[in-house]
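In what follows, a single structure is set out as structure tokens and then discussed.
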Amino acid sequence: MLPAFGGPKVAYQRERLELADGDFLDLDWLRQRTPARQLVILTHGLEGNSSRPYVRSAARFFHDRGWDVLAWNCRSCSGEMNRLLRLYHHGEIGDIHAVTTHALHQGGYGQVVLIGYSMGGAITTKYLAVHGASLPSAILGGIAFSAPFDLAASVAALELPGNGVYKKRFLQQLSQKIKVKNERFPGVVDIRKLAEIRRWRDFDEWFTAPLLGLASAAEFYDLASAKNFVATLQHPVLAVCADNDPIITEACLPLAAAKTNPFLTLERTDQGGHVGYTLPGKPYNWMDVRAWAEVERWTAGC
């Protein structure tokens, strides 16, 4: 299930980060009045953004405890379409690297934690795994909630009975973006294929892979799946998922890696749905509490 509360109001300050490839990312900051030494970077899920209730909830929760917060928006997700042909995807880690590097240079932070939700959790994990050896010591680790570590398995889960609401919503939103891209870059994709989509894999085969210069959906899934990179983790990652998550099945989880890699902790809960860990009557959710407990453990004695 999805979060059942609207989340707190958050007065972000927006910054536009210009990228080396000519595109941009919109960053939403929630800073302390006096310079903070601690920063949490929040990465949203598929077709999400910094205004999602779960992001705003985490932003307020950490800010109230003295941390600066940076909730960044993936390309095309901030309310303004990005400039280039390409969009974002589950395996994109160049952008989160640009965001993290920019934040460290700008703020002089001594402690940085990355938290991602659904797709954002997969991005966070892959980023820490791929760049781990070269990351600054200020980065303590990452937390991933409801993350699809195996993208092919997650796509298969979207086809299961009862998951039509997720599939329909995501496809509608992404299809509209493809139409905009086709207007700006005519002829790059066969826009007529949108009407032929029956499975989520069709979308990735006909649109995601070609826009990334890849040969097939299978190649994209292999490139994007965080499970293919977690063996190289050198920073702690806490991955939390619910057994009643309708679109993150057991096949999506890094079960083997969690048994052999001390940097990866897989925590499974009975309830919680997909990024739906609520706390009735509270102005925050269970994910905020769980993340804070992990961060306190990491920062103890620092």
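The values are calculated or read from the model by the stated rules, or taken from the named source; none is laboratory data. Note that this is a predicted model, so its numbers are computed, not measured. All Cβ positions, glycine included, derive from the backbone under ideal geometry; neighbour counts span all protein chains shown.
Mind checking which residues of segment 201-251 are within 19 Å of the chain's Cα centre (by Cα), among the polar types (S, T, N, Q) and not in a helix (DSSP H, G or I)?
Within segment 201-251, Ser225, Thr249 qualify.
Please find, among Arg198, Arg290, Arg192, the residue that is assigned to a helix (DSSP H, G or I), over 25 Å from Gly7 (Cβ atoms) and of a type in the set (Lys, Arg).
After applying the criteria, what remains is Arg192.
Only one of these is without any contact (Cβ under 8 Å) to a residue 12 or more places away in the chain and out of contact with any Pro (no Cβ under 6 Å at 6 or more places or on another chain): Ala133, Ala195. Name it.
Sole residue among the options that is without any contact (Cβ under 8 Å) to a residue 12 or more places away in the chain and out of contact with any Pro (no Cβ under 6 Å at 6 or more places or on another chain): Ala195.
Any idea which of Glu183, Glu92, Glu80 is of a type in the set (Asp, Glu), assigned to a helix (DSSP H, G or I) and more than 22 Å from Val295 (Cβ to Cβ)?
Matching residue, one of Glu183, Glu92, Glu80: Glu183.
Restricting to segment 258-283, name every residue that is buried (at least 19 other Cβ atoms within 10 Å of the Cβ), part of a loop (DSSP other than H, G, I, E, B) and in contact with a helix residue (DSSP H, G or I) (Cβ under 6 Å, 6 or more places away or on another chain).
Within segment 258-283, Val275, Tyr277 meet the criteria.
Please work out which residue is farthest from His235 (Cα to Cα), limiting yourself to segment 101-112 and to residues that are surrounded by fewer than 24 Cβ atoms within 10 Å (Cβ to Cβ) and aliphatic (A, V, I, L, M).
Among those that are surrounded by fewer than 24 Cβ atoms within 10 Å (Cβ to Cβ) and aliphatic (A, V, I, L, M), it is Ala103.
Output the number of the condition that Gln271 fails; it satisfies all remaining conditions of (1) within 19 Å of the chain's Cα centre (by Cα); (2) over 15 Å from Pro148 (Cβ atoms).
Unmet condition: (1).
So Arg86 ticks every box in (1) modelled with pLDDT under 95; (2) more than 19 Å from Gly45 (Cα to Cα) but one. Which box is left unticked?
(2)
From Arg198, Arg192, Arg169, Arg184, grab the single residue that is loosely packed, with under 14 Cβ neighbours inside 10 Å and within 18 Å of the chain's Cα centre (by Cα).
The conditions single out Arg169.
If I go through segment 204-246 residue by residue, how many of them are farther than 16 Å from Ala156 by Cβ, acidic (Asp, Glu) and not assigned by TED's automatic domain parsing to the domain that holds Trp286?
The qualifying residues number 1.
Answer yes if at least one residue in segment 117-132 is hydrophobic (A, V, I, L, M, F, W, C), in a strand (DSSP E or B), within 23 Å of Gly276 (Cβ to Cβ) and in contact with a helix residue (DSSP H, G or I) (Cβ under 9 Å, 6 or more places away or on another chain), and no otherwise.
Scanning segment 117-132 turns up no residue that is hydrophobic (A, V, I, L, M, F, W, C), in a strand (DSSP E or B), within 23 Å of Gly276 (Cβ to Cβ) and in contact with a helix residue (DSSP H, G or I) (Cβ under 9 Å, 6 or more places away or on another chain).
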